[in-house]
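Working notes, structure below.
The values are calculated or read from the model by the stated rules, or taken from the named source; none is laboratory data. This structure is a prediction, so every number in the text was calculated from the model and none was measured. Every residue, glycine as well, gets a Cβ built from its backbone with ideal geometry; the counts of neighbours run over all protein chains shown. Calculation scope for accessible area: heavy atoms of the full protein, side chains included, ligands and nucleic acids excluded. Shrake-Rupley method; radii C 1.70, N 1.55, O 1.52, S 1.80 Å.
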Amino acid sequence: MSSPSTHAEVTAADTAGRWPLLLLFASGLVWLVVSGVLALVASIQLHSPAFLADCAWFTHGRVTALVETTFVYGWCANAGVGIALWVLGRLGGSPLRALNWAVVGTLFWNAAIALGLIGIATGDATSFSLLQMPGYVQPLLVAAYVAMSVSGILAWNGRRTDGTFASQWYAVAALFIFPWLLVAAQAMLVWSPVRGVLQAVVDGWYVQSVLSLWLAPLALAGAYYVVPKATGRALPSYEFAPLAFWTLLFVGSFSGGRHLIGGPVPAWLPTLANAACWMLLFHFSVVALNLRGVFSRGGTAFKFISFGLSAYVLGSLLDAMTSFRGVALITQFTYFATAQQQLALYGGISMLFFGSIYFAMPRLTGRSWASGALVRGHAALTILGVLLLVVSLAVAGWIQGHDLNNAKIAYAELSAHTRPWLLVVTAAYSILLFGNLLLFVNFILSVCSACCVRSDNLPDSSSFRQPSAMEVPAL
Amino acid sequence: MSTPSNQDPRLDQAAASDESLLASHEKLLGTQPDEKARYKLVPLTLLFFFSGLIFFAGTYLNRYSGLFDPHIYNENSLPTTGAAVAVKIDPLVLGKKQYEAVCITCHQATGLGQPGVFPPLAGSEWVNGSDDRLIRVVVYGLQGPIKVMGVDYNGAAMPAIGKVAGSGFNLSDEKIAAVLTYIRQQWGNSTAAITTEQVAAVRSKDGDRKAYTAAELLK
């Protein structure tokens, strides 16, 4: 902070945005841990139904709603917005402005989520997937999100260079699109609900759009920045990145109908969604081509981003495969669909978030992470946990789907068949919770070490290497 | 450029500055993939891949969309045009249903009736005899004594079942024909079916009238 010009790697944007962005990451991590505990409860109830069954707040339906809400709106939203603001600030070339808006927005956003969670637990939840928070907190969510986004939009508008980079497109898209999604879904489901089966159609659209048009762009904003930054090479096949971006934006929300295959909707809705799933493969293949440099090097951030990228691409292939009706006949409405969702949310998006946060944190605090052992532990446990979770859920879902299609198998037998795999799911959630606790502890230690040293020692100039100019590939 | 050695897990070093990152990617966007007529493999492959996906998605959409008809729920069917196809109903199924709703109370599921009170249908000469006579009994009902298979019955009256004045059941001609066909095929009976047209003809010939007696029918 004393002489920022000599430390080009820790920019003025970082020192100005330090506390607001750390607040976003910290709230995200708190919700991640809370969500982990709740996910553990929900998964135990799947094989031991009596667990907490007498406590109304923690009956299975409510706990699942709480898990989804804390994970998506608590962890993903806070972490994702933090990454988007950080990337927009750095690439904008000047310190973030209007950060008090971001702080107030973050506080209100988290207050709204806390209120929403209490609402869900006491029985005020709506019946819509990913939109369970009761009607009275929904407008607060929109307002708080808009306040959080202001800094990012200002940084985008006031950027120093005319040229733009893929990270910026994805970040700005996510900041703008989410309020629209949330308002549209609220209007059609909460304020003046559409009738009958149309509600399921709207909710399918909303769930898919949250994933494709909000969380995925937030995760990609970080990954597209960190990968070329750490490899020092321009992204290969970058000329296709705009096409991949627009494919996602145009086609992404059309694939929402795949949640309705086998449901009581006109046939063209799922058909359109399946076609969209296949079109999206273009987006995923270009992203994989662009970011393939991540597999060529080591490093903490790359460990997470390479896993996240693989899961992101693999998840899209799985979505496309299960969109065929013959496969959906078995997988739809089973644990397999949960496996797909966890692969996207945990394996894809969260891992990309982790990678970006590992890269960003030292630049925000001005120092390295407090403990290398905790970093390694978190990486190992998270990778193991996600693999176990997705594989065991997928196997359980496949068994469940086959059994459900066979009228001769009683429901009790079906439960017995899936039970061993559900026990593995619980183990996986415990591993993930433990891993995320390591990250949380490391985060607290790192923030404390940044606070407790005298300010003229910041940033720790010796640890950051001076970055050179980027290699431009020869044409 | 020095390759950063990422040995310390606590800190990922940056290998490029933000300004150079922006500048070099901006330069890439301005270039054409096949500049200087160097046909690179990646852009060509991607072009074919994207075209293939568009072709596949378009064909799939065309094949399974049910022409975007809001009433089509099965992706393999197409909207029907013109009149709906008439559904063929098995008279035995319809007849059994009517028998179980109306006749079974007196004539029993066995078709044997109640000895001395309700005459049997199984093997009865009334059931397996004249078509018109059978239709008249059921449509208009029957009062007074009747002799079935050599036994006299005088205990009960058969109510009118068809769509005639004073009928408590008002079964359509189709249902009457079905139940008659049914009793003619059950319990060892095997006489020809009665058609809806036969019932309608009897009903229009006789008009509205009171129940028949056995004597009238045997005339």
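Numbers for the structure displayed
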| quantity | calculated |
| --- | --- |
| Matching entry among A:Ala311, A:Ala275 (being open to solvent by less than 20 Å² (accessible area, probe 1.4 Å), within 11 Å of another protein chain (Cβ to nearest Cβ), small (Gly, Ala, Ser) and in a helix (DSSP H, G or I)) | A:Ala275 |
| Residue in the stretch A:177-196 that is within 14 Å of another protein chain (Cβ to nearest Cβ) and in contact (Cβ under 8 Å) with a residue 12 or more places away in the chain present | no |
| Test: B:Gly168 is in the same structural domain as B:Ile135 (by TED's automatic domain parsing), in a loop (DSSP other than H, G, I, E, B), free of Cβ contacts under 8 Å to residues at least 12 places away in the same chain and over 16 Å from B:Lys97 (Cβ atoms) | yes |
| Check on A:Phe353, closer than 22 Å to A:Thr69 by Cα and open to solvent by less than 10 Å² (accessible area, probe 1.4 Å) | yes |
| The stretch A:120-146, residues that are outside any loop (DSSP other than H, G, I, E, B) and surrounded by fewer than 20 Cβ atoms within 10 Å (Cβ to Cβ) | A:Ala121, A:Pro139, A:Leu140, A:Val142, A:Ala143, A:Val146 |
| Only listed residue being within 19 Å of B:Ile89 (Cβ to Cβ), assigned to a loop (DSSP other than H, G, I, E, B), open to solvent by less than 70 Å² (accessible area, probe 1.4 Å) and aliphatic (A, V, I, L, M), chosen from B:Ala160, B:Ala193 | B:Ala193 |
| Hits in the stretch B:172-205 - residues which are touching a Lys or Arg at 6+ places or on another chain (Cβ under 9 Å) and among the aromatic types (Phe, Trp, Tyr) | B:Tyr182 |
| Qualifying position, being modelled with pLDDT of 85 or more, outside any strand (DSSP E or B) and open to solvent by 50 Å² or more (accessible area, probe 1.4 Å), among B:Lys175, B:Lys210 | B:Lys175 |
| Flag if A:Phe282 is of a type in the set (Phe, Trp, Tyr) and more than 7 Å from chain B (Cβ to nearest Cβ) | no |
| Residues of the stretch B:177-191 that turn out to be touching a residue at least 60 places away in the same chain (Cβ under 8 Å) and either under 24 Å from B:Asp208 (Cα atoms) or of a type in the set (Gly, Ala, Ser) (or both), as a count | 6 |
